[in-house]
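K.L.:
Once you've had a glance at the structure underneath, I'll fire off some questions.
The values are calculated or read from the model by the stated rules, or taken from the named source; none is laboratory data. The structure presented is a predicted model; accordingly, all values stated were derived computationally and were not measured. Note that each Cβ is placed from the backbone with ideal geometry, even for glycine, and that neighbours are counted across all protein chains shown.
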Amino acid sequence: MGRPELSALEQAIERYAGQQAPIEDVYREFLVARLLLISSPDSPDPVMFNIKDQPKQQIWVCTGKDAVPDFAPGTAPVNGYQILPLLEERNVHIVTSGDVHDLMLIGERAIQHSAPGITDALRTEGTQQPSTWLAVPDRMYREQSREKTPEYGFVGEYWVDESGTVTSKYRPNPGYRPSPVTLGFPQPESRLEKFLHLHATGQVADELLVSVVNQSEFALVVEEGGAAPLFPLGEKRVIVAASGVKYLPDFAKGAAKANTAAIKLLLAEADLVIDLGARHQAHISGTRLLAALESQAEQPGAEQVQPEAQPQAAPAPPRQPAPVKPPDPHERFIGSMLAGAMGDALGYAVEFHDIGMIRQNHGDAGLTAPVLRDGVAQISDDTQMMLFTLEGLIRAHVARRINPTDNDPVPEVQHAYQRWFHTQNQPWAQAGGPYARHLQQPDGWLITHPELFSLRAPGNTCMSALAKFAQTHQHANPQFKINDSKGCGGVMRAAPAAVWSNDPAEVFYAAVGTAALTHSHPSGYLSAGVLAVIVHQLIRDVPVRESVRMARDLLLRWRGHEEQLQFLDAAVELAKQGAVTPEEIKDTLGQGWVGEEALAIGLYAVLATDNLRDALLLSVNHSGDSDSTGIVCGNIAGALHGARAVPQEWLASLELRELVETLAKDALVEFSPGPPTDPGWTRRYPAW
């Protein structure tokens, strides 16, 4: 057998080892190479290697499957650009195949080599944006306006000093997805090949590729008699096709021009693989292609994807410049709920971890993206209780429409909390308390979702308080105390109260009342009032600092406000320094386990940043109750920046995303000037 064909990176390493090429060639090929990261066995997180006599940790990548060492617990496909954010304080060890020598690259130098050139156009932009980070777009997006460039389309950022000069200080974008142009893909020869390239590099979503495939012709691998065979691929059977003749596999006995409509019968039992073995190979579900075909047949007048269509991956909105049209109140409220759930999911992955462990597991920058479990970013009990709070408020408003003198949402929210208590492995007969006397099973639409019946570290205070109500049938309130807890379980679910009334004082009162059902210390329920009013004001397009001022003024009216006021003011003061270290957050604002600290950390993160992504990451990367500080931050940041600001690639993996969005929209319908009056609505949201 001859020597195996070397990858471009291996060839560069071999030339460098033979003193035939500079090390810069290796760095250049490393950035765009297809690599296998040595990862944890059940996640894509890298294994950090501590090598004797080496001062820095190492991340190991392999040039191919045959280069993966036996001791590797797992692997994850990456390119060099994707691991740059982990390399500021680390080096990268490249494991090669065959007789090519392994090589270690210096992490800092890899980042330097990745930095785009500073152009005259960039310098001009810098003069207009002093004292900020200026993002540099990928080559594919350079002719496109910043407004239309997705966040993952920016390679990294240069610091612009106070004089407007673009400095050499550079940081890579952790969410960057190198385009086909940057990765050196060949010039596509057809529209289908173009979109295969875009899909392979994460520039377009699965749905768009499916649509393009269904509208394209391709070369179908067939037998000598013209029939398309089914090939085994893993546990699947697949049809093999090519976007062009040059991509037909060697084993093809023949090829025929075809489209998906011509192979509908085969797609019912097999998937479609296009350009097998190519860098942009796509494996598409047959049932998904069929469903899209049927949808197009039912809507013959539907708009088709045009050849000149730009990549549309439902990307996260760019950080700069700000959208021309600001979010409306509806988008802000939906944003508050979605971003709250997103912050919860980010923090839930690192709850109970101190910042040292977070850095050890996720790199020096800490957590930079959601951690997926079984393919989703799981929410915690915080989001569960936020949802039941919102449902309780909807049902209370339905009740108020029936009986206008009933202006207290607390009984309906208590009822909602007992339904949530039931989802935590509690039989309804015991969990429902007085409500179980009326119905053998809980009613309404929300409780019908089995995904909510998951134990996600529910707080002891909430569980014990709801168990006590089930026994005594007595609502707790600031006067009737059931404990002395000021845990963050009251504030983390309070944001939905923002929708209860146009009067901020009523909103404060409603949030306090619902939080006091489980937390009897003033800081446990006053923090809820402050959060709800801040969100209430932001939804109405009140500037964030004025929103905080309104909440502060209302806070002063309540007995026992001194502790909450101290932490509220501390958060505002700390934010003047911008983003500080997690250690300083802990020293100044605490760890978030109690109400006043959770609110302070979440609010500080919003005030110290200028975009939702950075705010969420700042709010969860600390030693403490990261999911609660994350949900509080998300509630505020979502109301400030709108739903559009939540990174779409994060939302795509958010557990219960559709449920959160649907319930938020239902709330907007119920609290609108003309809410529904049909029986279906009251079955969905019974008025009790």
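K.L.:
Filter the strands (runs of 3 or more DSSP E) completely within the range 102-208 down to those with at least 1 residues that are free of Cβ contacts under 8 Å to residues at least 40 places away in the same chain.
P.N.:
Working: elements: 103-105, 132-137, 154-160, 166-172.
Qualifying strands (runs of 3 or more DSSP E): 132-137, 154-160, 166-172.
K.L.:
I would also like to ask the following. Among the numbered conditions (1) over 22 Å from His280 (Cα atoms); (2) surrounded by fewer than 18 Cβ atoms within 10 Å (Cβ to Cβ), tell me where Pro77 comes up short.
P.N.:
Looking at each condition in turn, Pro77 falls short on (1).
K.L.:
Moving on. Report, by residue number, each residue of the range 354-411 that is of a type in the set (Lys, Arg) and modelled with pLDDT under 95. Walk me through how you get there before you give the answer.
P.N.:
Kept after step one, since they are of a type in the set (Lys, Arg), are these residues of the range 354-411: 359, 373, 395, 400-401.
Selection gives Arg359, Arg373, Arg400, Arg401.
K.L.:
Conditions first: (1) surrounded by fewer than 18 Cβ atoms within 10 Å (Cβ to Cβ); (2) under 21 Å from Leu393 (Cα atoms). Asn483 passes all but one, so which condition is the exception?
P.N.:
The failed condition is (2).
K.L.:
From the list Ala396, Ala429, pick out the single residue that is surrounded by 22 or more Cβ atoms within 10 Å (Cβ to Cβ) and of a type in the set (A, V, I, L, M). Quick ask: steps written out before the conclusion?
P.N.:
Numbers: Ala429 fails: surrounded by 22 or more Cβ atoms within 10 Å (Cβ to Cβ).
After ruling out the rest, the residue left standing is Ala396.
K.L.:
Okay, next question. Mind telling me which of the residues Leu37, Leu31 ends up being within 21 Å of Asp364 (Cα to Cα) and assigned to a helix (DSSP H, G or I)?
P.N.:
Leu31
Matching residues to (1) within 36 Å of the chain's Cα centre (by Cα); (2) surrounded by 19 or more Cβ atoms within 10 Å (Cβ to Cβ):
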| site | (1), (2) |
| --- | --- |
| Thr165 | yes, no |
| Gly175 | yes, yes |
| Gln187 | yes, no |
| Glu193 | yes, yes |
| Thr201 | yes, yes |
| Ala227 | no, no |
| Pro232 | yes, no |
| Glu269 | yes, no |
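K.L.:
Quick test for you: out of Gly202, Gly184, Gly225, pick the one residue that is at pLDDT below 90 and not assigned by TED's automatic domain parsing to the domain that holds His283.
P.N.:
Working: Gly202 fails: not assigned by TED's automatic domain parsing to the domain that holds His283; Gly225 fails: not assigned by TED's automatic domain parsing to the domain that holds His283.
Result of the check over Gly202, Gly184, Gly225: Gly184.
K.L.:
Among the helices (runs of 4 or more DSSP H) confined wholly to the range 398-505, which include 3 or more residues that are touching a Phe, Trp or Tyr at 6+ places or on another chain (Cβ under 8 Å)?
P.N.:
Numbers: elements: 410-423, 428-431, 460-472.
Filter on the range 398-505 gives 410-423, 460-472.
To keep it simple, each residue is scored yes or no on (1) within 30 Å of Val376 (Cβ to Cβ); (2) β-branched (Val, Ile, Thr); (3) in contact with a Gly (Cβ under 6 Å, 6 or more places away or on another chain).
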site	(1), (2), (3)
Ile23	no, yes, no
Arg34	yes, no, no
Asp42	yes, no, no
Met48	yes, no, no
Gln58	no, no, no
Leu86	yes, no, yes
His93	no, no, no
Leu103	no, no, no
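K.L.:
Scan the range 105-112 and tell me whether some residue there is over 18 Å from Glu29 (Cα atoms) and either buried (at least 17 other Cβ atoms within 10 Å of the Cβ) or aliphatic (A, V, I, L, M) (or both).
P.N.:
Here is the first cut: in the range 105-112, the ones over 18 Å from Glu29 (Cα atoms) are none.
Among the residues of the range 105-112, not one is over 18 Å from Glu29 (Cα atoms) and either buried (at least 17 other Cβ atoms within 10 Å of the Cβ) or aliphatic (A, V, I, L, M) (or both), which makes the answer no.
K.L.:
Let me ask something else about it. For the range 440-460, check the following and say yes or no: at least one residue is among the polar types (S, T, N, Q), within 30 Å of Gln537 (Cβ to Cβ) and without any contact (Cβ under 8 Å) to a residue 24 or more places away in the chain.
P.N.:
no
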